[in-house]
Amino acid sequence: TTLAASSSSAALAERDGDGLKYELFITNGVSHGLELLCATCTQPGDEVWVERPTYFLAPNIFESHGLVVKSLPMVSDRSDIDNIDDGITNNDYIGRVNIDRLIQKVEEMNVPAPKMIYIIPSYHNPTGRSMSVEERRKLATFALRNRVMLVADEVYHLLDWEQNNDDDDNHDDDEQVNIAKKESEVTTSRRPAGIVHFNERICCDEASSVPTQSDDQSDTTTKSDGYSNETVGCCISVSSFTKIWAPGIRLGWIDAPSFIVERLENYGYIDSQMGVAPFMGAMMTRAIESGVLDDYLDKLKLEYAERYRLVYNLLKEGEPRRMKIRQNSHVRRQGGYFIWVEFPSHVNSDDFLSYSVEHFGVKFMAGGRCDPFPLSNGGGDNDNTGIAIRSCARLCFADLDRDDLIDAMTAFLEAFRSYMSSLSSQ
């Protein structure tokens, strides 16, 4: 059921940016981890709040369990983005959670908190954005204080690299970003710890102020780690070997407080079959303990860094004015699979995708595909976030080798120029 708290989990913990050792509950991947958490920790009618945009298949998992999927407050919800004076740049507002607004809604406006919040804090799918350490801490503190399960999909968390200075020179004229870089340069070159580790870091400060249930609900059991089954929110990490080893390795893990792990272990079919994927789990344990995974992951990250820079430079040189490229300007790390491109506001990426496939044979993921709340479902002209997402696209640089990426990007840029010409002639 678990990767023991030995050299296996210690190796992953070291990679995770934290020296703490944990037992990792084995799953068949991130989707399976989300499925298990929904089955064991939620009930139909509970709410789960997600980022917008988000991983396009995650809402289906939640809805399959009768959960009500709603959007987290997003910075892009605001109509006055250009007037925000907190270091937010024009290409860092789509996909950024408005944590202050979240706190205000729940703690001041008395909007009931959700049962679960689902986020992708590291190298987000689809935007590629990473939350700063401060954002993670604020969100984790909110979850613990308001009895919310904060579930972080960290499948790309270990798939990162130091940013090359050349990768961010498109922000040289942005004074706010350069100031933020100088202030954070010492601390942000290191990978942030996984979200689960914020439990212990915050609990010490928050434990005395966490509310408990009334006496008539005193049957709730308090665990030895200070958590109880019902009274306290918690941070949970879910991840997988599919991105850091091979797609065919359908093996992942859940890193969570002990009372969550106990629920998972006692879940009917898990108990019946005595865990998940024992053979593959043993193989990956050997790969971790022998150092094979480390060696392979280091090589994989070097290759992905080259592919990222290749695509980034082709975009920057090919369409420097009409495309904005999302960058993690507040951290000196890049990673994951994706580059998020923002087109001019009048471009509908769904239409452009159809045009690109029909005339140039090039596919990409239109931004609207990653929006659980599309404009057609009532957002309308007042839906600032939906309108912004609709003019964006997700480009994946992980699936093609470099020569194929050059061909694909050349065709993509040709398709964009042709499409923009067709719009001008209408």
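The values are calculated or read from the model by the stated rules, or taken from the named source; none is laboratory data. The structure displayed is predicted, hence computed values, not measured ones. Methodologically, a virtual Cβ is constructed for each residue, glycine included, from the backbone with ideal geometry; neighbour enumeration extends over all protein chains shown. Each accessible area value is taken on the protein alone, full model and side chains, heavy atoms only, with ligands, DNA and RNA left out. Shrake-Rupley method; radii C 1.70, N 1.55, O 1.52, S 1.80 Å.
Only residues that are of a type in the set (Gly, Ala, Ser) and not in a helix (DSSP H, G or I) were counted in the range 321-370, giving 6.
Checked against (1) on the phi > 0 side of the Ramachandran plot; (2) at pLDDT below 95, residue 361 meets all criteria but (2).
The set of residues from the range 57-101 being assigned to a loop (DSSP other than H, G, I, E, B), out of contact with any strand residue (DSSP E or B) (no Cβ under 8 Å at 6 or more places or on another chain), modelled with pLDDT of 95 or more and at negative phi comprises 57, 65. Of all residue pairs spaced 6 or more apart or on separate chains, those with beta-carbon atoms under 6 Å, a first member in the range 272-291 that is within 13 Å of residue 249 (Cβ to Cβ) and open to solvent by less than 50 Å² (accessible area, probe 1.4 Å) and a second member that is polar (S, T, N, Q) and part of a helix (DSSP H, G or I) are 285/8; 288/8. Which members of the range 292-302 meet the condition of being closer than 27 Å to residue 407 by Cβ and either exposed (fewer than 14 other Cβ atoms within 10 Å of the Cβ) or in contact with a Cys (Cβ under 7 Å, 6 or more places away or on another chain) (or both)? 299, 302 - these are the residues of the range 292-302 that are closer than 27 Å to residue 407 by Cβ and either exposed (fewer than 14 other Cβ atoms within 10 Å of the Cβ) or in contact with a Cys (Cβ under 7 Å, 6 or more places away or on another chain) (or both). Summed over the range 136-153, residues that are hydrophobic (A, V, I, L, M, F, W, C) and open to solvent by 10 Å² or more (accessible area, probe 1.4 Å) total 1.
Can you tell me which residues in the range 227-248 are under 18 Å from residue 25 (Cβ atoms) and either modelled with pLDDT under 90 or assigned to a strand (DSSP E or B) (or both)? Result: 227, 229, 234, 235, 236, 237, 238, 239, 240. Give the residue that is farthest from the chain's Cα centre (by Cα), with candidates limited to residues of the range 136-160 that are within 30 Å of residue 307 (Cβ to Cβ) and in a strand (DSSP E or B). That would be 160. Within the range 407-426, the residues that satisfy the criterion of being in contact with a helix residue (DSSP H, G or I) (Cβ under 8 Å, 6 or more places away or on another chain), open to solvent by less than 50 Å² (accessible area, probe 1.4 Å) and within 12 Å of residue 319 (Cβ to Cβ) are 409, 412, 413, 415, 416, 419. Within the range 243-256, the set of residues being open to solvent by less than 10 Å² (accessible area, probe 1.4 Å) and not small (Gly, Ala, Ser) comprises 244, 251, 254.
Every condition in (1) open to solvent by less than 40 Å² (accessible area, probe 1.4 Å); (2) free of Cβ contacts under 8 Å to residues at least 40 places away in the same chain holds for residue 404 except the one numbered (1). Taking every residue in the range 137-156 that is at pLDDT 95 or above and pairing it with any residue that is assigned to a loop (DSSP other than H, G, I, E, B) and among the hydroxyl-bearing types (Ser, Thr, Tyr), at least 6 positions away or on another chain, the pairs with Cβ-Cβ distances below 6 Å are 154/122; 156/122; 156/123.
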